[in-house]
Amino acid sequence: FVTCGTDRRGSFQLSAMASAGGNPLVLPAVLHLRRSDADFTAALSERFRVLDFFSSGEPLPAFLAAAAAAPEPPRAAVVVGGGSVRVDASFLDAVPSLRCVLTTGAGIDHIDLAECARRGVAVANSGEVFSTDVADYAVGLLLDVLRRVSAAERYVRRGSWPVQGDYPLGSKLGGKRVGIIGLGNIGSRIARRLEAFGCIIHYNSRKPKDSISYKYFGNVHDLAAESDVLIVACALNKATRHIVDKDVLEALGKGGVVINIGRGANIDEAELVVALREGKIAGAGLDVFEHEPKVPAELFSMENVVLSRHVAVFTEESRSDLRAHTVGNLEAFFSGQPLLTPVDADSLVQ
Amino acid sequence: VALLAVVATLKLATMAAAGGKPAVLLLRPVDAPFAAALRDRFRVLDLYAPGQALPALAFVAAAAAVPEPPRATVIWGGVRVDASFLDAAPSLRCVVSTAAGLDHIDLAECARRGVAVANSGEVYSTDVADYAVGLLLDVLRRVSASERYVRRGSWAAQGDYPLGSKLGGKRVGIIGLGNIGSRIAKRLEAFGCIIHYNSRKPKDSVSYKYFPNVHELAAESDVLVVACALNKATRHIVNKDVLEALGKDGVVVNIGRGANIDEAELVIALREGKIAGAGLDVFEHEPKVPAELFSMENVVLSRHVAVLTEESRSDLRAHTIGNLEAFFSGQPLLTPVHADSLAQ
């Protein structure tokens with residue numbers, strides 16, 4: 001621990017500690033409320049005093065109470081969605097020292113943004129760290145559904161290679177109208193990729209985007225009616241829960257395909273299963289589900305769906321990018337700089 | 001057998017008697033719309049007609065014996081067009097192949113006899129390119145592997161999940177930058193890949209980095225995509241040395257022909273972790289797939305289906321009829337193939 005004098009971070013730490021009158025060896029405390037790999041934990045521990053929930057072995061309320069009661073309680077917390085930690089009023093009551101919450105996943109539906117704003121707690125998300133990988137994965141799911149890649153895989157691995165005459169034909173990408181719900185960091189990247197395949201891009205978002213030439217639809221029903229593929233690429237919030245519902249699936253129609261790399265609850269899953277069972281749509285590629293890790297068992301017997309385990313963000317590269325990004329946001333916060341990727345209370349797109 | 005041959009010849013003569021239209025020797029199964037489109041325009045001598053029992057070469061010989069024997073034939077990859085085939089049907093002046101490749105046709109022999117050959121042109125190019133990208137995405141992002149986990153009913157702790165690998169920034173070495181290879185390049189550029197290629201000669205119209213041989217291409221690539229035809233020069237063009245040059249993080253995608261890759265060496269390289277993974281739509285001895293691959297999570301296996309979409313099937317119909325009509329009306333073929341043709 002020899003950082004004094006030479007770099008900005010080092011001199012901040014000394015001055016902060018000097019003004020706090022505290023022990024110069026004490027790094028700022030950070031609550032860490034997610035399962036992590038060794039590299040991530042090490043990167044944080046080099047710079048901060050990490051209070052790690054999952055290695056504490058304690059139930060969450062006890063862990064938070066202990067952290068809040070310590071001298072120099074944590075002012076920042078690193079969380080992730082999809083787990084047991086919701087950043088809501090009771091969470092913030094438990095650790096009133098928190099002034100900043102960083103989330104490392106792609107979504108923010110586990111954070112009560114309005115409550116954070118009321119208390120002046122800054123929120124930062126993962127910015128564009130995952131956007132490219134999620135977009136790539138969405139295209140991979142679509143290719144798999146339309147061209148039946150995993151279905152072919154299953155046939156071959158079963159050891160059976162039936163006569164080509166019996167093979168169900170796939171469907172060409174070129175010329176397909178792809179309706180993207182949410183044209184943010186992820187949706188816009190999906191659009192660019194699919195344009196290279198000759199797809200026609202349509203979209204819905206809260207407002208039309210002036211800078212692009214894709215056709216805008218004011219609501220998802222109209223989008224579905226004029227699309228062959230629907231891709232969910234929006235955040236989950238009150239407005240977008242079940243944004244793909246029975247009506248939308250009907251409007252999409254029996255040649256239609258749904259891809260979900262948003263949140264399971266963006267789609268009315270029960271209606272989706274019905275639509276697939278009854279052939280009201282042609283297929284689906286799903287990386288997320290309403291009650292993960294539970295997947296509707298009926299889907300397992302369908303050859304026209306591709307099922308995945310909420311992995312669209314998982315590459316080696318994005319994992320190391322996330323590390324650097326999280327450290328960057330924490331350092332910005334502790335040095336009084338603006339967060340790299342602040343989230344506003346009314347934020348909708350991913 | 002003699003009786004069968006007589007019956008067959010009578011049947012053929014009946015087929016051939018459907019007045020006025022030129023005869024076409026049909027040596028591949030076709031769906032109903034394709035059959036109807038052919039019958040509208042030609043006298044179709046159909047190897048796959050219901051009740052037709054002669055094996056292929058005997059059928060060809062019988063067809064050659066009808067009055068006004070066929071001058072054109074429609075074939076697929078399963079029919080070898082070599083000297084003995086052409087001897088059996090000396091009336092043939094034109095071979096229209098619906099396959100994506102040409103390795104089943106002795107182009108030199110056809111040229112010697114003045115038999116014109118037409119291929120499928122660009123009918124399949126887009127679908128094959130799309131499929132190659134689908135295979136690569138599947139290998140790098142483990143889509144089918146994830147599928148298997150979920151369908152097994154087990155959704156293991158996320159912490160245990162093997163991470164995938166990002167496409168952006170990867171150097172993709174394309175072997176053969178023809179109709180298919182160039183489309184693959186265009187798609188992968190949209191993902192942020194860097195395109196390298198090898199072909200017989202550099203192409204002035206592209207800015208991708210050219211490598212004069214596949215070994216050097218592999219040494220400077222993270223992914224190798226086989227998109228070339230199969231011929232003497234390209235058999236086992238991906239061999240042990242090339243796989244070693246590609247290296248332990250490298251991925252191979254094959255939508256060409258199984259024999260473009262030394263399959264035995266590929267299996268060893270995968271087994272020993274000398275390369276990171278593979279996406280394979282074709283194999284050296286289809287439909288046999290090396291059993292060792294079935295237990296590997298880092299390979300994606302497919303059943304030679306890269307051409308199979310509804311759209312390319314109807315495009316193929318129009319394209320084949322177009323070539324036949326051109327031939328019979330004395331026009332140049334839409335997609336003639338020359339004896340020295342190498343690229344797909």
Looking at A:ARG157, A:ARG241 in this structure, which one is open to solvent by 10 Å² or more (accessible area, probe 1.4 Å) and free of Cβ contacts under 8 Å to residues at least 24 places away in the same chain? A:ARG157
Taking the conditions exactly as written (in contact (Cβ under 8 Å) with a residue 40 or more places away in the chain, surrounded by fewer than 17 Cβ atoms within 10 Å (Cβ to Cβ) and not charged (D, E, K, R)), does A:ALA114 satisfy them or not? yes
What do you reckon, is A:GLY165 modelled with pLDDT of 95 or more and assigned by the TED database to the domain that holds A:GLY255? no
On the given criteria, is A:LEU286 under 20 Å from A:ILE108 (Cα atoms) and in contact (Cβ under 8 Å) with a residue 24 or more places away in the chain? yes
Considering region A:265-295 alone, what residues qualify as being at pLDDT 95 or above and either surrounded by fewer than 20 Cβ atoms within 10 Å (Cβ to Cβ) or outside the structural domain of A:SER205 (by the TED database) (or both)? A:ALA265, A:ALA270, A:GLU271, A:VAL273, A:VAL274, A:ARG277, A:GLU278, A:GLY279, A:LYS280, A:GLU290
Within region B:160-175, count every residue that is open to solvent by less than 10 Å² (accessible area, probe 1.4 Å) and more than 8 Å from every other protein chain (Cβ to nearest Cβ). 4
Members of region A:30-55 found to be assigned to a strand (DSSP E or B), within 15 Å of A:THR326 (Cα to Cα) and either open to solvent by 70 Å² or more (accessible area, probe 1.4 Å) or not hydrophobic (A, V, I, L, M, F, W, C) (or both), listed by number: A:HIS32, A:ARG49
Only listed residue being assigned to a loop (DSSP other than H, G, I, E, B), of a type in the set (Gly, Ala, Ser) and closer than 17 Å to A:LEU146 by Cα, chosen from A:GLY285, A:GLY279, A:GLY262, A:GLY336: A:GLY279
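Run down A:GLY174, A:GLY107 and say which single residue is closer than 30 Å to A:ILE281 by Cα, outside the structural domain of A:ARG75 (by the TED database), in contact (Cβ under 8 Å) with a residue 24 or more places away in the chain and not β-branched (Val, Ile, Thr).
On the way: A:GLY107 fails: outside the structural domain of A:ARG75 (by the TED database).
One residue alone meets the criteria, A:GLY174.
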How many residues are out of contact with any helix residue (DSSP H, G or I) (no Cβ under 9 Å at 6 or more places or on another chain) and surrounded by fewer than 19 Cβ atoms within 10 Å (Cβ to Cβ) if we restrict to region B:101-111? 3
Per the filter on region B:186-227, residues of a type in the set (Ser, Thr, Tyr) and open to solvent by 80 Å² or more (accessible area, probe 1.4 Å) are B:SER205, B:SER207
Qualifying residue in region B:240-257 (condition: among the β-branched types (Val, Ile, Thr), away from chain A (no Cβ under 14 Å), over 27 Å from A:VAL156 (Cα atoms) and not in a loop (DSSP other than H, G, I, E, B)): no
When residues of region B:90-100 are limited to those that are surrounded by 20 or more Cβ atoms within 10 Å (Cβ to Cβ) and among the small types (Gly, Ala, Ser), the one nearest to the chain's Cα centre (by Cα): B:ALA100
Filter region A:296-342 for residues that are of a type in the set (Val, Ile, Thr) and either open to solvent by 20 Å² or more (accessible area, probe 1.4 Å) or within 11 Å of chain B (Cβ to nearest Cβ) (or both) and give the result. A:VAL305, A:VAL306, A:VAL311, A:VAL313, A:THR315, A:THR341
I'm trying to understand the selection: among the residues of region A:254-270, which are farther than 19 Å from A:SER308 by Cα and touching a helix residue (DSSP H, G or I) at 6+ places or on another chain (Cβ under 8 Å)? A:GLY256
Count, please, the residues in region B:67-88 that happen to be surrounded by fewer than 21 Cβ atoms within 10 Å (Cβ to Cβ) and over 15 Å from the mean Cα position of the chain (by Cα). 10
Name the residues in region A:283-307 that are touching a Leu at 6+ places or on another chain (Cβ under 9 Å) and among the aliphatic types (A, V, I, L, M), would you? A:ALA284, A:LEU286, A:VAL295, A:LEU299, A:MET302, A:VAL305, A:VAL306, A:LEU307
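The values are calculated or read from the model by the stated rules, or taken from the named source; none is laboratory data. Please read these numbers as outputs of a predicted model, since none were measured by experiment. All Cβ positions, glycine included, derive from the backbone under ideal geometry; neighbour counts span all protein chains shown. Accessible surface is based on the protein model in full, side chains and every heavy atom, while ligands, DNA and RNA are left aside. Shrake-Rupley method; radii C 1.70, N 1.55, O 1.52, S 1.80 Å.
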